[in-house]
Structure formats: structure tokens, C-alpha cells
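These notes concern the structure reproduced below.
Any read-out appearing in this document is the output of simple, stated calculations on the displayed coordinates, not a laboratory observation. If you're wondering where the values come from, they're calculated on a predicted model, not measured in any experiment. Here the Cβ is made from the backbone with ideal geometry for all residues, glycine too, and neighbour counts use every protein chain on show.
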């Protein structure tokens, strides 16, 4: 019996293993704006009452998660209870072997939840193909939103306690607050306990003028990226090309890939911007999660700029645990490959995710090899001559875009069809006609990339300008952005891409 392609299996399971997008509290929705405004008004009354504030935020966070995952909000509470008590047991145990068993238990519980909800149907389908249909009939039909994020966040807590880098909390409510904090709950950034926990019981809550203004800038920036750029080019061009690549020329397929590179960046970094901005409104500081990743001149630099909280998590808790670069060159390359493949599987059980991770792992290993063999080779563009930096950015960007093709395509057949169109049916003479037919889309793609490649000082200047503006000017900016979103958005709420992970 021939085993079907894993992506075909994943495609069939896609309609079954889903999250509830019918009523989520999306940051870019009017419902969230209404509820968050009411939440803030009452939140201010608790600025000198830490315990009441913690309970209030926990209740709102659980409601926020309930709106997207229903009864599965209990899963979040279970994870918080499990790792809270395991971490305390690790700290109170003297025997080293017992500590190892306890941290292994924490990892097993967390990865067990992740494996069940993300990979059950995949393995059942494989088993049925191997042993006959009906061999296993049970199916999991729901994927709790953001489970990968809060599972990784909770694992980092117990591992840090085991490594002696963190003292365990004495109050379970504090840990539930940390794990459920709604701004970053469903799509990151993955906030480390040692960075967040010291902020929980601040008394009073301090939101400076700079924090408030920066929060407004980040929320406006994220809203523009998500609701104006990402959603528009996705609905009006990118999704169409990826759904039916044979209906489009090679040029359109190539622009679809470049468009998706911008779409996923604007979607994900837009969420991170809004999460960080909302947290600032509440008096909490999150680390930066994106740093203009397409400016990277090497693949190593890309992973220092893209989804920083995940890449640093994989480095600290997986790559280093495997031995990092401490056991020779060959082992280093193998560790990079393993880390990135598992990072790909973190996104889902499909061959395309494995290939996406493997491609990045191979690219990282080759770059390390290049630096070891070529005197003067650099890890980042800032260390390079401008000409070499420019060439490095061009090469790195196209490697990353090719990997996005693997990431976005519903199956390997789609990958093959799009590459075929690009190589065999590019059809350059129709480029003016295509651009004219998608004027708004190409204008927005060009504007998005132009803004992305502006010098970092331009972003800093814009941030400071908005942060220091008078309150009436900030209110006007918010009103203008809401008007722009209302003019351009579709009738349906578009969930963030990373909600599915």
C-alpha cells in the first residue's frame, strides 16, 4: 500500500482540526476595542491594589481565551496548576535525580498536550493508511488557539527553576496571571518568566507618558500592518494565487510569494506590536519580537531579527540542551538542523513545515561553515562592506521567500505548480498588464517594503514623535487609523496567521 503525501493528509485534516474563528477577540476588531476600553477604565481603579488587579486581569484574560477556544480555557488553567506545583517541587527537592524526573514530567505534560491537539489526527491518518481504514476511528477536532505559545512559555518556567535561574512563585494566582496575560496569550511574544514575573506585583502600577505614547504608536503601527497591508494583499491577491497557481503567470506566482513574505511579516509583527503596546497601557514591558528581519544580510542575522522570542527560546532550551556548538563542528551543524526541523514541526504536522525548518537549518549550518572557512566572513550586515551587505540582503531575502513558499502552500503539489509557472511560464510581456490590473495591491506591497527598509532612525523618530505628541493629536491619529481600517477592511474578521499555531 502506498503511503499518501503527508501534506495531502494535513489538507484533509485542515477542515477538522481548526480553531473557532467565529467570535474571537481579535485586536483589530471593534468588539475588542469596546471591551478593552471598558476594561481599562476599571483597571485604573486597581493601580494600588495588586491582588485585586491580578484577579481582575486573570478573569479578563480567561474570558479573552474563552472567546476563541471555549471550554478549552480549562486547559490553560491546568497547565498553570501543573507547572506551578512541579516547579515548587523541583525547588524544594535536594536530590538531583528527582529534580531531573520532575522537570521531565513537566516537559512530558506540556509536550503531551501539544502533541495531542496538534498531531493526533495526523498520526491516526497515517495509522489508518498503514493498517487499513477504520484501524483507529478516534479524532481530535479542535486546536486551542495559541497552545504552542503558552506551552512553550510554561515549559521555560520549570526549566529555569530546574537550572537555578529562577525562584518559583509562592502564589498560584501570580503564575496564572503570567501564563494567561491576554496581550501575548494567543500569538506571543513568548515572554520569559524571569522578565515578566518581577513586574506582576508592582505597586502602584506606573504608566509613564512615554509608555502611553509608545503604546499608541505600537498599536497604530500594528493595526496598519495587519488590517491595512496584510489583510488587503492577502484577500485581493496572495490567497488567490496560492489557491489556483495554474491560473496565474510565473510573474504573478513570484509576486504572490513576495506578497506573502510581506503579508506574514505584517500580520505577525503587527500582532506583536499591538500586544506590546497594550501591555504598555497596563504598565508591563515586553521584549521586542521583530527587528526589520528582511534587512538581514545573512540567515543567522534573519533569525536574530525574526520572531525573536521563539528563536531565542529554541536556542536556549533546545539548541543549547543538544550541546550547541560545544561538541565540535559536525555536531554543531547537526544541532542546528535538528533545532530548526523541530521548530518547523512546532508549526504543524506536515511535510512542508519539516522542509521549511530543514531549509533554514541547512542554511544556518552552511553560513557557520562559510564563516569558519572564509576569513573576514561576517555574521551580520552591520559588519560588512555596503556592497557585500546589499548582495547579502538580496540573497538572504530570496532564500527566506523560497522557504515561505513551502510554509504557505497547502501541499507540495502547490509548491511544484508555482515553481513550474515561475520557471516555465514567467510571461514577462504581461507584467505591465498585471501591475495595472492589481494597482492597489502592488502599490501597497511596494509601500510596505519601502517602509520596512527605511533606516531604523526613521522608525525611532516616528515613535518618538507620536509618543511626545499632545493627547488631542494622538486621539486624532487613532481616529484616522480607524477610518482607514474601516475603508479598506473586508466584511469578515481576518484572524491572525499565527492563531493556528
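A Förster distance of 25 Å, applied to the separation of the beta-carbon atoms of residue 334 and residue 163, puts the FRET efficiency at 0.60. At full extension, residue 51 and residue 430 could sit 130.0 nm farther apart than now, given 0.36 nm per residue minus the alpha carbon distance.
Residue ranges 464-476, 221-233 sort as 221-233, 464-476 when ordered by packing (mean number of other C-beta atoms within 10 Å per residue, highest first).
Here each label is just a point 7 Å from Cα along the line to Cβ, and for residue 383 and residue 130 those points are 4.5 nm apart.
Here's the picture: a label point sits 7 Å out from the Cα of residue 449 along the beta-carbon direction, and within segment 388-418 the residues with their amide nitrogen under 14 Å of it are 393-402. Spacing of the modelled spin labels on residue 98 and residue 31, each 7 Å from Cα toward Cβ, amounts to 4.8 nm. To the nearest 500 deg cm²/dmol, what mean residue ellipticity at 222 nm is calculated for the chain from DSSP H runs of n ≥ 4 alone, each contributing -39,500 (n - 2.57), summed and divided by the residues? Using -39500 (n - 2.57) per qualifying helix, the result is -21500 deg cm²/dmol. The relative contact order of the chain comes to 20 percent, based on Cα pairs under 8 Å that sit 6 or more residues apart. The modelled label-to-label distance for the pair residue 202/residue 395, using points 7 Å beyond Cα in the direction of Cβ, is 4.4 nm.
In terms of its C-alpha gyration tensor, segment 313-358 comes out oblate, because a/c is 1.5 or above while a/b does not outweigh b/c.
Per-residue packing, averaged as other Cβ atoms within 10 Å, sorts the ranges 335-344, 287-296 into the order 335-344, 287-296, beginning with the highest.
Computed from the Cβ-Cβ distance with R0 of 45 Å, the FRET efficiency linking residue 416 to residue 484 stands at 0.70. A Förster radius of 22 Å combined with the Cβ-Cβ distance from residue 325 to residue 119 puts the calculated FRET efficiency at roughly 0.15.
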